[in-house]
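A.B. asks: Can you read through this structure? Questions will come right after.
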Amino acid sequence: MIERDGEVSVKRQAQLLDLSRSSVYYVARGLPERDLKLMRTLDELHLKWPFYGARKLTRELQNQGHEVGRRHVTTLMRRMGMETIYRKPRTSIPAPLSAVYPYLLTGLKIERPNHVWAADLTYLPMAHGFQYLVAIIDVGSRKTLSWRVSNTMTPDFCVEALQEALGKYGKPEIFNTDQGSQFTCSEWIDTLKAAGVQISMDGKGRWIDNVFIERLWRSVKYENIYLHAYETGTQLRRGLTEYFDFYNARRTHQALDYQTPDDVYYGGEECRLAA
């Protein structure tokens, strides 16, 4: 928004945009290397024991020789968007004044591609820093329809992924997410409404609905992210592009009778679906 090398001074641009000059000149400080290492370890522990909360994760870190307290672990978990998976009243915090939609998957048998889509966010460690990944999947075939990475958890990159999926693959009958702020914001909801999609949101105690996409996160991290110390966002995007091409077109799934997601998605109703 602000052009630092433009003809108009930064001070004047800030005045025209009604922005504080201090916010314009502010440069966010990176996280300490110690915190980045802790976050990487936390991510691995969460994939291994997703039912561990801050207390048990803190004890596990301490057992590994890290000097860290529960409050700091809780802070890092919030920064990572990490939530313990277990039956509990609430799993995500919706944006203020956001609309919450009913859960539509109770007793539903997912029988065809584009019947139900789902989306979620996860944390990705890098060599120096981290990014967030959003992915949209077809639940029945487990095909990853679109994805985006960002260094913040703002809704814009999630909406971009949604628009790409709708543009490439048409629309699902139902789109299910949790009640996170990225998926309850007006931009996300309006895009789904304009496409004529039924909106479904996880309700109380619906922890089980994250299982399919949690399996995707496990595969992405163990089979790609942890094997490559990506230095830059460009390297990360290139690596993920190659991985998702492999995941969709070449990686077989036992739950799909050793077919690939593309086999099931493009094979129509004759193929047995994962769900």
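A.B. asks: What's the number of the only condition in (1) at pLDDT 85 or above; (2) under 30 Å from PHE175 (Cβ atoms); (3) part of a loop (DSSP other than H, G, I, E, B) that SER92 fails to meet?
C.D. replies: Going through the list (1) at pLDDT 85 or above; (2) under 30 Å from PHE175 (Cβ atoms); (3) part of a loop (DSSP other than H, G, I, E, B), SER92 breaks only (1).
A.B. asks: Hey, among VAL159, VAL134, which residue is hydrophobic (A, V, I, L, M, F, W, C), within 25 Å of VAL100 (Cβ to Cβ) and outside any strand (DSSP E or B)?
C.D. replies: Result: VAL159 is the single residue among VAL159, VAL134 that is hydrophobic (A, V, I, L, M, F, W, C), within 25 Å of VAL100 (Cβ to Cβ) and outside any strand (DSSP E or B).
A.B. asks: Of all residues in segment 175-205, how many are hydrophobic (A, V, I, L, M, F, W, C), crowded, with 19+ Cβ neighbours inside 10 Å and closer than 21 Å to ASN114 by Cβ?
C.D. replies: The total comes to 6.
A.B. asks: Further question: Across segment 252-266, which residue is modelled with the lowest pLDDT among those that are surrounded by fewer than 18 Cβ atoms within 10 Å (Cβ to Cβ) and part of a helix (DSSP H, G or I)?
C.D. replies: Taking the candidates together, the pick is ALA255.
A.B. asks: When you check PRO155 against the structure, is it crowded, with 16+ Cβ neighbours inside 10 Å and within 16 Å of LEU133 (Cα to Cα), yes or no?
C.D. replies: Spelling it out, PRO155 is indeed crowded, with 16+ Cβ neighbours inside 10 Å and within 16 Å of LEU133 (Cα to Cα).
The values are calculated or read from the model by the stated rules, or taken from the named source; none is laboratory data. Note that the structure is predicted; figures quoted are calculated from it, not measured. We place every Cβ from the backbone using ideal geometry, glycine too, and count neighbours over all the protein chains shown.
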